[in-house]
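Here is the structure we will look at.
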Amino acid sequence: MNSTSKISKQFGVTGPLSTAESSERDHSLLAPLEALLKRHGMYESQSTATLRLIVLQQIETLTVAFVREACTQFSRTTPDPPENLGGKVYPFGSCRLGVQAEDADLDAICVFPSRISREQFFDGLCSKLELMQGVQDVLYIKNAFVPIIKFKCFGISVDLLCASLPMDTVPDDLDVDDSALLMRMDGASIRSLNGTRVADSILNLVPDIDTFRTAVRCIKLWAMRRAIYSNVVGFPGGVAWAIMVARVCQFYPKACASTVVSKFFNIIARWVWPQPVMLCHQEEQYPLSSEVQSWDPKRYLHDRQHRMPVITPCFPYMCATHNITSSSLKIITGEAKRAAAITDRIMLGKADWDALFEENSFFSDYRHYIQVITSAYEPLVLKKWAGFVESILRHLNTLLENTEGVDLAQIYTDAFDESMRCTSAEEVRNAAKGEPFSNSGNADSTCTVHLRSFYIGIQVRRTAVFVEPKQLDLTWPIDRFLSLLRTKNAEKLKGGVFVKHIRG
């Protein structure tokens, strides 16, 4: 369906706010916006696009070959001929939406027949990947909410999910957008496949795909520059920001991208949360695995507790922002108000686009910080261990929010890596605590400690009772966080962690 015919339809759960076209002034702002986005690498080069496609094709070739081999090995009956078994790989995320930046990860999902178990597929595919030319740093995170394989292929970072289909073979014409396909799938497979289904639904629900894509690239760059782009630490991720942009596109179906961006900030700054952002009415629901519940605040208490619900537009409906904390909602609203004021000036010709993307000032915004230092002797071990610790950080953030004297706590969205060469046990201990040292041990007996640090900024509440920042006692939330790490470490991951309170 072309853009003209799509605009004649009504999109969204309500009608548009305006069907007017953008002014000449708004159109004139589009070229400088796109030029800025290109300077910041928000469009991939042709060479990177080609390489990404090659990587995707190689993963699919490997998947199909492994499915044939595994079915022969594990299945009691194998259809003849074996090439009918199939196996497909689909991109999702920014690549599926067509908004991938130059340095974007490749998010993909392998689908395979139910003759193979998830464990057999992941274990076997990991072994194959480790032998594949151009592949390095293979990391299998088995016990994640959505199991995932992370690796690099010819320099492209890949996040690979998998879904077991309730069928003996995977047909070439498989329609992953058919909700009936989900009825006999397990929960992890449904959640994995939803990545592709959500992206397809978003593209089908916007009036003009090109306008949507330009606006998404803009909002993504803004959110990254302002340090509010990261689902894992309590801010919207790529899908959530894309859904919010899509909703604004529905409100203004004939507007160009510069208009959509301006309207976006004004709308999000004034949005009455927890009213949900939804792109469509919820369709008839199919019976699913008990592991998966479609978002329904009337039925489920935890859905009613979402502070900033942004709902995915296909069944099963999910809240893409369930990790949002009270602090992150305040920060997002504040940033949207700042951006709205700037874009209002841009639209009047009183400022340029660079003002919108000014770098955040996180490390000068607060007088108190928490530094969480993770450590390990091997880079891949650190990657897995630090990823686990990062996934628990938002719990520490909530604990800090509930601490006497704390008004707000903000997790910084970027981590900082460092490797330190140590020549004694004392130096190893100092390195793991982020303390400086000079090599004084036996130079012939050395080891390297790899570190990844996370930071949380703390805004102190000033009241008649609580005046002096020196009174701030963070012992309990830190101790509770360390206890949570021990409790939730189901894989018995190895690594060090040290938490310290830094006063600015």
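Please treat every number below as a calculation from the coordinates, not as lab data. Every value quoted in this text rests on a predicted model; they were computed, and no experiment measured them. Cβ sites come from the backbone with ideal geometry, for glycine too, and all protein chains shown count toward neighbours.
Report the gain in length on full extension from Asp352 to Asp177: 0.36 nm times residue separation, minus Cα-Cα distance, nm rounded to one decimal. Kindly include the intermediate steps, with their values, before the conclusion.
Details: separation 175, 0.36 × 175 = 63.00 nm, distance 4.10 nm.
The span from Asp352 to Asp177 would gain 58.9 nm if fully extended.
With respect to the cross-link table entries Lys220/Lys337; Lys220/Lys500; Lys152/Lys220; Lys150/Lys488, which display a Cα-Cα separation exceeding 25 Å? If you can, show how the numbers build up before the last one.
On the way: Lys220/Lys337 16 Å; Lys220/Lys500 31 Å; Lys152/Lys220 23 Å; Lys150/Lys488 21 Å.
Correct reply: Lys220/Lys500.
Which FRET efficiency value, to the nearest 0.05, is calculated for Met132 and Arg462 with the Förster distance at 56 angstrom and r the Cβ-Cβ distance?
0.45
Quick one: if you stick a label point 7 Å off each Cα along the C-beta vector at Leu380 and Val232, how many nm between them?
1.8 nm
What fraction of the DSSP beta bridges in segment 46-199 is antiparallel, stated in percent and rounded to the nearest 5?
65 percent
For the chain, give me the percentage of DSSP beta bridges that are antiparallel, rounded to the nearest 5 percent.
85 percent
Take Trp273, Trp476, Trp353 and order them by how many other Cβ atoms sit within 10 Å, fewest up front.
Listing Trp273, Trp476, Trp353 from fewest to most nearby Cβ atoms yields Trp476, Trp273, Trp353.
Please identify the helices of the chain, taking whole runs of DSSP H, that span at least 18 Å along their own axis as judged from the Cα atoms and have a mean Kyte-Doolittle score of -1.0 or higher.
46-74, 118-131, 187-204, 209-225, 238-251, 257-270, 326-347, 379-401, 475-488
Just need the relative contact order of the chain here, percent rounded to a whole number, with Cα pairs under 8 Å and 6+ apart. Spell out each step's value before the answer.
Details: 873 pairs, mean separation 71.8, N = 504.
Rounded, it is 14 percent for the chain.
Just for the Cα atoms in segment 46-199, what are the lengths along the principal axes, largest first, rounded to whole Å?
Projected onto its principal axes, the Cα set of segment 46-199 covers 44, 34, 30 Å.
Going by average Cβ density within 10 Å per residue, which order do the peptides 21-32, 204-215 take, highest to lowest? Let's see the in-between values first.
On the way: 21-32: 14.7, 204-215: 22.0.
Result, highest mean Cβ count within 10 Å first: 204-215, 21-32.
Mind sorting Trp271, Trp295, Trp241, Trp222 by how few other Cβ atoms lie within 10 Å of their own Cβ, fewest first?
With the fewest neighbours first, Trp271, Trp295, Trp241, Trp222 line up as Trp271, Trp295, Trp222, Trp241.
Compute the distance in nm between two label points, each set 7 Å from the Cα along the Cα-to-Cβ direction, one at His302 and one at His27.
Distance between the two pseudo-spin positions: 5.0 nm.
Whose amide H sits under 5 Å from the amide H of Ile502, counting only residues 5 or more places off or on another chain, with H placed in the peptide plane?
Those qualifying (amide H under 5 Å, at least 5 residues apart or on another chain) are Tyr369, Ile370, Gln371.
Against the globular-protein guess of 2.2 N^0.38 Å, express the Cα radius of gyration of the chain as a ratio, rounded to two decimals.
1.04
Starting at the first residue of segment 312-325, write each ³J(HN,Hα) from the Karplus equation 6.51 cos²θ - 1.76 cosθ + 1.60 with θ = phi - 60°, in whole Hz, x for Gly and Pro.
In residue order, the calculated couplings are 5, x, 9, 6, x, 6, 10, 8, 7, 10, 5, 8, 5, 9 Hz.
Work out the FRET efficiency for Cys447 and Val272 from their Cβ-Cβ distance, taking R0 = 56 Å, and round it to the nearest 0.05.
0.50
Once R0 is set to 60 Å, what does the formula 1/(1 + (r/R0)^6) return for the Cβ-Cβ distance between Glu60 and Glu404, expressed as a FRET efficiency to the nearest 0.05?
Between Glu60 and Glu404 the formula returns 0.65.
I'm checking a number: the convex hull volume of the Cα atoms of segment 269-351, normalised per residue, in Å³. What is it?
Looking at segment 269-351, the number lands at 113 Å³ per residue.
Sort Asp175, Asp365 so that the residue with the fewest other Cβ atoms within 10 Å of its own Cβ comes first and the one with the most comes last.
Asp175, Asp365
For segment 365-503, what does the relative contact order come out to in percent, with C-alpha contacts under 8 Å and a separation of six or more?
The value is 45 percent.
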